[in-house]
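The next block holds one structure in the form of structure tokens; read it before the comments.
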Amino acid sequence: MAQESKNENRKQRIREAFHDGKQVERMPAREDMAPQHSDDVIYRVAPYCRVSTMSEMQAESFEIQQQYYNEYIAKHPNWTLVRIYADEGISATSVKNRKDFNNMIEDCKAGKIDLIVTKSVSRFARNVVDCIKYARDLRALSPPVGIYFETENINTLSQNGELLLTVLAAFAQDESVNKSISVAWGIRQRFAKGIPKLVKPYGYQNVDGKLVVDEEEAGVVIRIFAFYLGGKTPYEIAKILTHEGIPTPTGKKPCWTISSVTYILGNDRYCGDVIMQKSLCVDLFAHKRVRNLGQVERYRMRDVHPPLISKEEWREAKNRISMPDREAVILEEITGEGILSSLHPILFKEDIDV
């Protein structure tokens with residue numbers, strides 16, 4: 001009964017408010033939602049800019065963005081520039097590998113930044129989850145850090161900022177997915193027409209877009225196959241090559257490993273063939289790739305470049321790769337001791353790159 005009385009009182013107050021016509025001064029929202037601060041307080045501002053490729057035009061865009069923000073900050077007398085954070089030549093689908101972006105977030109957490117300014121939602125992130133996550137994380141800091149998106153005129157610290165950001169970030173993500181689908185379609189059309197992506201394996205040189213035999217490295221590849229078909233294990237072969245001081249395929253490790261030897265033994269390019277679409281992306285935003293086991297078409301081109309071994313030798317070597325060898329490669333990848341990483345114990349970087 002008491003609750004009903006309270007509800008009725010609330011309704012009555014609403015009726016009286018409409019009936020009495022009380023004078024209420026309306027204060028319109030600002031057209032520019034960019035934070036407006038009092039002149040006696042200095043706010044530390046960090047612009048963030050990004051371009052997705054390293055082409056000449058995009059490189060110019062990168063420089064233009066930086067110059068623009070220098071002038072933009074100067075127009076606000078109570079803003080001081082922390083520094084311009086910028087990632088050049090990095091995709092926006094994930095923030096994991098965007099070094100300066102992550103530096104900026106850490107500086108926000110360290111209390112060095114009050115406001116991030118960026119051109120648009122798509123410059124900041126094309127992944128809705130990332131975009132909303134960082135907006136919320138920064139707003140939860142003490143004091144909160146805002147993000148101002150110029151093109152969309154969104155300030156994440158405003159009352160309706162997160163709602164607008166969620167909608168626009170979803171559009172940006174959809175745009176990124178559509179672009180990825182278009183790029184993948186173009187790559188598959190190229191494969192179907194017999195235009196492979198040129199990946200230079202150990203033993204070859206790239207000369208004007210064609211694979212040409214590197215006699216010194218090719219000799220090492222031929223020896224590896226001869227050793228293996230002669231009965232030696234990948235471990236024994238790696239030990240011999242290391243003892244002889246032969247440079248590894250990457251040059252990043254002082255010694256050959258089981259995985260580096262097994263990579264060569266499992267690479268079909270050494271018999272002159274190319275298999276394309278060996279892997280596919282199953283998560284655009286995590287950049288996760290898996291081996292293509294028939295989910296999408298694969299494409300084979302035979303006798304594309306000079307072989308280092310016969311097809312019979314390559315097939316025999318591949319068929320003889322034992323389970324212990326595979327397990328050893330997996331172990332090296334887990335412990336980080338191998339010089340090559342992969343999603344599959346036998347088919348290495350060639351699987352991912354074509």
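Residue under question is Gly294, and the condition is that it be of a type in the set (Gly, Ala, Ser) and modelled with pLDDT of 70 or more; does it hold?
no
Can you name the residue in the range 240-284 that is more than 24 Å from Ser310 (Cα to Cα) and either among the acidic types (Asp, Glu) or not assigned by TED's automatic domain parsing to the domain that holds Glu312 (or both) and, of all such residues, is modelled with the highest pLDDT?
If we take residues in the range 240-284 being more than 24 Å from Ser310 (Cα to Cα) and either among the acidic types (Asp, Glu) or not assigned by TED's automatic domain parsing to the domain that holds Glu312 (or both), then Glu244 is modelled with the highest pLDDT.
Before we move on, is Gly230 loosely packed, with under 15 Cβ neighbours inside 10 Å and modelled with pLDDT of 80 or more?
yes
Please indicate, with yes or no, whether at least one residue in the range 109-123 is farther than 26 Å from Arg136 by Cβ and either of a type in the set (Gly, Ala, Ser) or at pLDDT 85 or above (or both).
The answer is no; no qualifying residue exists.
The values are calculated or read from the model by the stated rules, or taken from the named source; none is laboratory data. Bear in mind that the values here come from a model prediction, so they are computed numbers and not experimental data. Methodologically, a virtual Cβ is constructed for each residue, glycine included, from the backbone with ideal geometry; neighbour enumeration extends over all protein chains shown.
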